[in-house]
Amino acid sequence: MNAQESTGSQGPQAAAGQGPAGSQAGCSTSAPQGARSDAEWIACAPPPVREAFLESLSDEALLALPWLFEFWALPHQRPPVGAWRSWVCLGGRGAGKTRAGAEWVRAMVEGDLPGSAGRARRVALIGETYDQARDVMVFGESGILACSPPDRRPQWEATRRRLVWPNGAEAQLFSATEPEALRGPQFDAAWADELGKWRKAGEAWDMLQFALRLGDDPRVVVTTTPRGQVTLRALLSRDSTVVTHAPTSANRAWLARAFLDEIEARYGGTRLGRQEIEGELLDEAEGTLFPPALIEAARVARLPDAGPGRVVVALDPAVSGGAGSDLCGIIVAGALCEGPVQDWRAWVIEDCSLRAASPSDWAHAALDAMARHGAERLVAEVNQGGDMVASVLRQIDPLVPYRALRASRGKAARAEPVAALYEQGRVKHLPGLGALEEQMALMTAQGYAGRGSPDRLDALVWALHALMIEPAQRWHRPQMRVL
């Protein structure tokens, strides 16, 4: 039974643990940060302390305890204090976002007594589709009905697509795919679920803002797994927005161990894992040459049994050392180039990039990678380093098989044929390449959209040029040589 995914009728559930605080720009306040909920502190106390706490409660308090979310909730599920218009609760899958949204709606509409008025009388509930809003936000295991005590539980009116509380408060359901439905109604509170995957996010969000015009302080909570979407990014950048955050592991006490082990083994350290498990908002440039779907399709767990026929280490050296210097890109890749060119395949094996204190550091790292993977050649870009690169390498290993490469075209132009190999499904990624994949997502046809230099990506491009692109050009254009 899951904490944030459990029904209210099953009693109190420990809230999800706290992940790293959201750091998005525009956060004017943040939720109190702490490691545990009140319930977890009691649960971790010695038995005599736990027993004394329970014995101190009256019968009425014991009956009410399962429904007091403040007791079970951890900081990322609690509304931030201060003046804000929008609260964005970011988190990985199963981190307790839905429970946080449902409990916030309860706190807004419920009064001291079942018939007493709360702070909000008219609430908008918006999901990506109407079915998702109904099945998750209303009837879900962490939805409003499951979280509401019997004497305050709202009635569902299916024909009108709304919930009605005993005190007269109402919550109307909407689909984000039909933004115009929000034109006309007005509200003093709203809950938007999974904004990051709304197809018409911009239009729906705009219509919701015009509808939030009742009361003295209309507010909205957004519960979502982060995605690099324009509307979500714009919301996070506003001064009136506050953010809380939690990874999937925050809820580990109430998630299946097999599930946690599987997703960590399969997606840990990957770009998808950082987004869906850690709940991180990742950068993705518009018009990227390497869309996330392309990178996800490239992932494999291990090399084929036959292994690559050739392995190279590609080096994009940093010409200066120290903490402020550029990263030195070092990528190990292999290829199996048998038969027609269209059957050739490549594997990106390891990212050994580092910020070296001196040239000898990156030289040692590159040579160690060659020895570790049995690479037949080291290739390096020498546009900036010139003869220094070969000199440093050969001071350590005079016999290193080394080839200098000079860039005659820009980074984007060199990356485009590599992107074509990915589109054809001819390049695969082994686990542990998350930092490289992050740079790949920021490379566009107009250039690199990230900060600094894409050193890891540059090394990848050189490796695949050496393994597949240049040999393929020779294969297509055979030449005659006079002996």
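Values for this structure:
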quantity	calculated
For Rg/Rh (Cα atoms, Kirkwood Rh), calculated from these coordinates, the label among [x] 1.09; [y] 0.99; [z] 1.67	[x]
Stokes-Einstein D (µm²/s) once Rh is taken as the Kirkwood radius of the range 293-438 over alpha-carbon pairs, at 37 °C in 0.692 mPa s	204
Probe 1.4 Å, all protein chains present, accessible-area order of D38, D316, largest first	D38, D316
Cβ-based net charge around G115, under 10 Å, with every Lys or Arg adding one and every Asp or Glu removing one	-1
Positive-end residue, the chain charge dipole about Cα centroid, Cβ charges, pick of S56, H429, Q275	H429
Net charge of neighbours whose Cβ lies under 12 Å from the Cβ of A181, counting Lys and Arg as +1 and Asp and Glu as -1	0
Sum of -39500 (n - 2.57) over DSSP H runs of 4+, divided by residues of the chain (222 nm, nearest 500)	-8500 deg cm²/dmol
Probe 1.4 Å, all protein chains present, accessible-area order of I349, I42, I331, largest first	I42, I349, I331
Protection proxy ranking of 161-170, 59-68 - average other beta-carbon atoms within 10 Å, highest first	161-170, 59-68
Accessible area of D361 in the full protein assembly, 1.4 Å probe (Å², nearest 10)	60
Carbon/sulfur fraction of accessible area - the chain, other protein chains in place, 1.4 Å, %	51
Lysines whose Cα lies under 23 Å from that of K97, excluding same-chain neighbours fewer than 8 positions away	K197, K200
Accessible solvent surface per residue of the chain, calculated while the other protein chains remain in place, 1.4 angstrom probe, Å²	46
Cα Rg over Rh - the range 42-141, Kirkwood	1.02
Degrees, to the nearest 10: 411-423 long Cα axis against longest axis of the chain	70
Cα-based helix-to-principal-axis angle, 387-396 vs the chain, degrees rounded to 10	90
Which of K97, K428 is most accessible, then next, and so on - probe 1.4 Å	K428, K97
Normalised per residue, the volume of the convex hull around the Cα set of the range 380-474 (Å³)	133
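The values are calculated or read from the model by the stated rules, or taken from the named source; none is laboratory data. Here the structure is a predicted model, which means the values were calculated and not measured. We place every Cβ from the backbone using ideal geometry, glycine too, and count neighbours over all the protein chains shown. Heads up: the accessible areas ignore ligands, DNA and RNA and are worked out on the full protein's heavy atoms, side chains in. Shrake-Rupley method; radii C 1.70, N 1.55, O 1.52, S 1.80 Å.
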